[in-house]
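If you scroll down you'll find the structure; I have some questions about it.
The values are calculated or read from the model by the stated rules, or taken from the named source; none is laboratory data. All of these numbers come straight from a predicted model, not from anything done at the bench. Glycine also receives a Cβ, built like all others from the backbone with ideal geometry; neighbour counts cover every protein chain displayed.
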Amino acid sequence: MNIENTASQMRKGVLEFCILSIIKQGEAYPSDIIEKMKSANLNILEGTLYPLLTRLKNAEFLTYRWIESNSGPPRKYFSLTEKGADFYKELETTWNELANAVKELSNAEQAHTEEQGSKEDQNFPENPTD
Amino acid sequence: MANPLTNYKKTAMKQVININFHGQVVPIEVTAFELLKNYTESLSRYFANEEGKEEIINDIESRIGELFQERLKKGSTCITDEDVNAIIKSMGRPEELDELEEVGSNKSSSNESSTASDTTSPLSGNTKRLFRNENDKLIGGVCGGVANYFGIDTILVRIIFVVIAFTGAGLLAYLILWIALPSSASEVIGASRKKLFRDPDEKIIAGVCSGIGNYFGISAWIPRALFLIPFLSIMSRITHWEFLFFNPFGFSFSPGSLFLYIILWLVIPQANNTSEKLEMKGEKVDLYSIKNSVVGEMKDLQQRAEKFNKEEKSLIEEKGKVVGAEATSLLKKSSRSLGDIIVLLVKAFAYFIIGCFAFSLVIALFAFAIFSFGIFPLKDFLLTDGWQNIFAWGTLVLFIAVPVIGVITWIIRRLAKIKSNRSVLRFTFIGLWLLGLACFISLLSGVVRDFRSTNNLYEQEIYLPNPLVNKLELTSQTLQNKYYRNKFFHLSPFENIGLEDDTLFIKNIEIKILKSKNDSFRVTMVKLANGRNRRVADTIANLINFNLLQKDSVLQLDKGIGITQKNKFRNQGVIITVYVPVGKRIKIDRSLNWNNTTLHFDNSADDDWGILLNDNEERGWRQNVEYIMNPDGLYTLDGEPADDRKTGGKKKFKIDGKGVYLDENGNKISIDVNGVEIIEGNDLNKEMDLSKKRIDSIRVKIEMDKMRRRDSLEKAKKEIQQQLEKIAFYKTVPEILGGYLMRPYYLLISID
């Protein structure tokens, strides 16, 4: 196991959530989405994005429309459907829970190394993580 | 990515085909097309089991098509291998699609500074380098490139630059960066070497600015504006404005930019043939591009011809100055009746007059603006603080600067052919100008009010330590120390007035000479000043600090009345009266130079100066001549009265053993054995050197012989008088004219 694989696995997990977050802010087309992700320091290949968008669209979380552009072929602008909005909310909840859990665990780990012999960490493995 | 240099070297001909890629025609190299085909096939295989794979592949291909269009728009003539490879890299090969990209710039090309933008995905480069960003540019893309390099938003960088630009260094820095940093366009695949040419197609004077624009990838009117700005640089700094006095309509031309333009004109070669033109714009030179550019050029010409016609019409509909074109075009169009032609001529003439009028107004406006900017630092000597100061600022900015800015903007718009007739802008300008007009009027009324009253006059005795000298000479303590400083800050127009640091010295000194009642010299001084009311005027008059110092037979006066920002200018003046005892002498030195009394004006309604005109006052004396006070007035040491009118014709004509002496209308003519001499000229030319003209003639000598006989004395006298009058007349007429011609000029340069 090397760090690259694990890291990319981590990112892969949150990819959908991130994309949906971007589209939730407003209609966006693929290049736009990639740009925004890049500005948030999360880079993604276009070849990864398009299949993902298509899957989301097939699951009816996204819808799109064509908009003509002067510089080239018409573009697809994606937007969130109602179903997509619900799905997004669930994802958000999931993410928050996950984030809190991870935070607690990693903090607890630090706390453990600082004050050795704390009994709290024995409880944590039993906490449900979604 | 291949090194652009090696790319350039391999400009061997490659076969290029045109494909229809998602509804667009794309010229692409054959080898590149192979690569593309392979990629799409691999994608197809990768997504074989994916639901909706056609759509995915369609999207990806559509995206590739967009990228192609961008390449082509940037100036590439076809898609090359490098293009396709870079695109594939950015889209992601199927093997890579399972993993996500790494964050950060270590591994991949994603944080490339040069091409980051909304529309293009990163295509080039490995490490982060400082480029100019062609895609995110307002003027030259400098801020975009810098922003990309540091990873911050472009707007922030722009704001910082604007702030720095206010110190002056920022502008210079921007320009340097603009020139130094390579354009990201050169990083773009397919761009060949760019050369700096002059553009013969898009030129106003010599195509220098167009060529520069093409090289940097900016619009041509930006360097044009930059060349024009130094011409108007006088607005910001007050340096040399001396020659304002000699040429009231002149600008302070900074010839630097003109020289630069001429140098560039000579040095930069003109892009004549098509290959050079392509090199100028940075396109790769090969057969395709040449053909494209030739075709484009022809179309361009056609369009330009049409545009030209349209523009001509619109120009004339406004205040046309180009009247002749309309005349010729209309005349050419069809045969018109004579009446139409006449109407046309009248219209043309009217437009011409209006154009000239407008033009001269603009020139006057600029001259006035320069003048007021130049004189602005003196306002503190005149204006009281508070409202007047505010009004002055308001006047300067709104009344003067706003129309100037408006006119400049209008000119630049015309040059750049920007058609934006936003009336909001116009109304704003007009509104601001009206506000400035109000400020100006209030300023004027405020100032006038401050000069309304004069003070009470009384004669103040000046103490003379030694009133019994035999002679008194009045001199002025002129500027002893002339520090010649750096020329750029040399405000020479004020030398006469004597501007020293914060004090302005004005020479509002009038000197009167009267006969003393006893045998001592006596000097009195009367102070004059204006003010808002009598009391204020009195106070101001009292504050006048004017000293006289007697050193034996020299009476030294102050060089002027000191005006500071505390003692503001209120038409202060002094009248020095010198009472000369009989038998004593007096001389007014030339250094007093009070003929240049400046900044004094007489309010004829309340002319207190006139009150002091004694009938006893000695008149007609001149500077630098020593006089002696006789019982009946001032006389020169030769025995001539100072006041010419005193003689009243008495001394007009004198004959003695030496010859004849005539004095008529201020012309002194003497006839003696040597001939006729005109010793002195007219009153107006007092300051000029005496010109002596010798008219030798035998006839005159015979006349002189005649004259010696007593009986024919009168007749001879009359004859000679007439002849001499003629000569004098011919001499004095041009002098009179010359005097009149000089007068108004004289008035212009000294603020009389």
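Quick check on the stretch B:18-32. Is at least one of its residues in a loop (DSSP other than H, G, I, E, B), in contact with a helix residue (DSSP H, G or I) (Cβ under 6 Å, 6 or more places away or on another chain), away from chain A (no Cβ under 14 Å) and modelled with pLDDT of 85 or more?
Looking through the stretch B:18-32, none of the residues is in a loop (DSSP other than H, G, I, E, B), in contact with a helix residue (DSSP H, G or I) (Cβ under 6 Å, 6 or more places away or on another chain), away from chain A (no Cβ under 14 Å) and modelled with pLDDT of 85 or more.
For the stretch B:516-575, what are the residues that are over 22 Å from residue B:476 (Cβ atoms), without any contact (Cβ under 8 Å) to a residue 60 or more places away in the chain and assigned to a strand (DSSP E or B)?
Scanning the stretch B:516-575 gives no hits.
Follow-up question, since we're still on this one. Among the listed residues A:33, A:44, A:23, identify the single one that is at pLDDT 90 or above and in contact with a helix residue (DSSP H, G or I) (Cβ under 6 Å, 6 or more places away or on another chain).
Only one candidate passes the filter, namely A:33.
For residue A:50, state whether it is in contact (Cβ under 8 Å) with a residue 40 or more places away in the chain and either facing chain B (nearest Cβ under 9 Å) or not in a loop (DSSP other than H, G, I, E, B) (or both).
Criteria not met by residue A:50.
Looking at the stretch A:19-35, which of the residues that are of a type in the set (Ser, Thr, Tyr) and either assigned to a helix (DSSP H, G or I) or in contact with a Gly (Cβ under 9 Å, 6 or more places away or on another chain) (or both) is farthest from the other protein chains (Cβ to nearest Cβ)?
Among residues in the stretch A:19-35 that are of a type in the set (Ser, Thr, Tyr) and either assigned to a helix (DSSP H, G or I) or in contact with a Gly (Cβ under 9 Å, 6 or more places away or on another chain) (or both), the one farthest from the other protein chains (Cβ to nearest Cβ) is A:21.
Does any residue of the stretch B:547-565 turn out to be under 16 Å from residue B:453 (Cα atoms), of a type outside the set (D, E, K, R) and either buried (at least 21 other Cβ atoms within 10 Å of the Cβ) or at pLDDT below 80 (or both)?
Within the stretch B:547-565, none of the residues are under 16 Å from residue B:453 (Cα atoms), of a type outside the set (D, E, K, R) and either buried (at least 21 other Cβ atoms within 10 Å of the Cβ) or at pLDDT below 80 (or both).
Against the definition (polar (S, T, N, Q) and out of contact with any Ser or Thr (no Cβ under 9 Å at 6 or more places or on another chain)), how does residue A:81 come out, yes or no?
no
All but one of (1) closer than 30 Å to residue A:57 by Cα; (2) small (Gly, Ala, Ser); (3) buried (at least 21 other Cβ atoms within 10 Å of the Cβ); (4) touching a helix residue (DSSP H, G or I) at 6+ places or on another chain (Cβ under 8 Å) hold for residue B:52, so report the exception by its number.
With respect to (1) closer than 30 Å to residue A:57 by Cα; (2) small (Gly, Ala, Ser); (3) buried (at least 21 other Cβ atoms within 10 Å of the Cβ); (4) touching a helix residue (DSSP H, G or I) at 6+ places or on another chain (Cβ under 8 Å), residue B:52 is out only on (3).
Of all residues in the stretch A:62-73, which are facing chain B (nearest Cβ under 9 Å) and buried (at least 16 other Cβ atoms within 10 Å of the Cβ)?
A:72, A:73, listed by residue number.
Also, quick follow-up: Which of the following residues is within 14 Å of chain B (Cβ to nearest Cβ), buried (at least 18 other Cβ atoms within 10 Å of the Cβ) and touching a residue at least 40 places away in the same chain (Cβ under 8 Å): A:76, A:38?
Every option except A:76 fails the conditions.
Yes or no: residue B:52 at pLDDT below 90 and in contact with a His (Cβ under 7 Å, 6 or more places away or on another chain)?
In short, no.
Working carefully through the options A:83, A:24, find the one that is surrounded by fewer than 18 Cβ atoms within 10 Å (Cβ to Cβ), more than 19 Å from residue B:67 (Cβ to Cβ) and in contact (Cβ under 8 Å) with a residue 60 or more places away in the chain.
A:24
When only residues in the stretch B:27-60 that are charged (D, E, K, R) and in contact with a Pro (Cβ under 9 Å, 6 or more places away or on another chain) count, which is nearest to residue B:216 (Cα to Cα)?
Per the criteria, the residue is B:59.
Additional query: Please state which one of A:16, A:90 is surrounded by 14 or more Cβ atoms within 10 Å (Cβ to Cβ), charged (D, E, K, R), more than 7 Å from every other protein chain (Cβ to nearest Cβ) and in a helix (DSSP H, G or I).
On inspection, the qualifying residue turns out to be A:16.
Looking at the stretch B:468-487 only, could you name the residues that are out of contact with any helix residue (DSSP H, G or I) (no Cβ under 7 Å at 6 or more places or on another chain) and modelled with pLDDT of 80 or more?
Passing the criteria: B:468, B:469, B:470, B:471, B:472, B:473.
Does residue B:62 count as touching a His at 6+ places or on another chain (Cβ under 8 Å) and either surrounded by fewer than 20 Cβ atoms within 10 Å (Cβ to Cβ) or at pLDDT 75 or above (or both)?
Against the criterion (touching a His at 6+ places or on another chain (Cβ under 8 Å) and either surrounded by fewer than 20 Cβ atoms within 10 Å (Cβ to Cβ) or at pLDDT 75 or above (or both)), residue B:62 qualifies.
For the stretch B:71-93, which positions are at positive phi and facing another protein chain (nearest Cβ under 9 Å)?
Scanning the stretch B:71-93 gives a single hit, B:92.
Which of the residues spanning the stretch B:38-49 are within 9 Å of chain A (Cβ to nearest Cβ) and either touching a Leu at 6+ places or on another chain (Cβ under 9 Å) or modelled with pLDDT of 85 or more (or both)?
Matches in the stretch B:38-49: B:43, B:46.
Does residue A:82 fit the bill of being more than 29 Å from residue B:153 (Cα to Cα), of a type in the set (Asp, Glu) and more than 9 Å from every other protein chain (Cβ to nearest Cβ)?
In short, yes.
Consider residue A:59 carefully, then state whether it is surrounded by fewer than 16 Cβ atoms within 10 Å (Cβ to Cβ) and facing chain B (nearest Cβ under 9 Å).
Judged against the criteria, residue A:59 is not a match.
Separate question: Could you tell me whether residue B:68 is crowded, with 22+ Cβ neighbours inside 10 Å, facing chain A (nearest Cβ under 9 Å) and modelled with pLDDT under 85?
no
A further question on this structure: Within the stretch A:1-11, which residues are surrounded by 15 or more Cβ atoms within 10 Å (Cβ to Cβ) and either in contact (Cβ under 8 Å) with a residue 12 or more places away in the chain or out of contact with any Asp or Glu (no Cβ under 7 Å at 6 or more places or on another chain) (or both)?
A:11
Scan (1) in contact with a Leu (Cβ under 8 Å, 6 or more places away or on another chain); (2) without any contact (Cβ under 8 Å) to a residue 12 or more places away in the chain; (3) away from every other protein chain (no Cβ under 12 Å) for the single condition residue A:102 breaks and write down its number.
(1)
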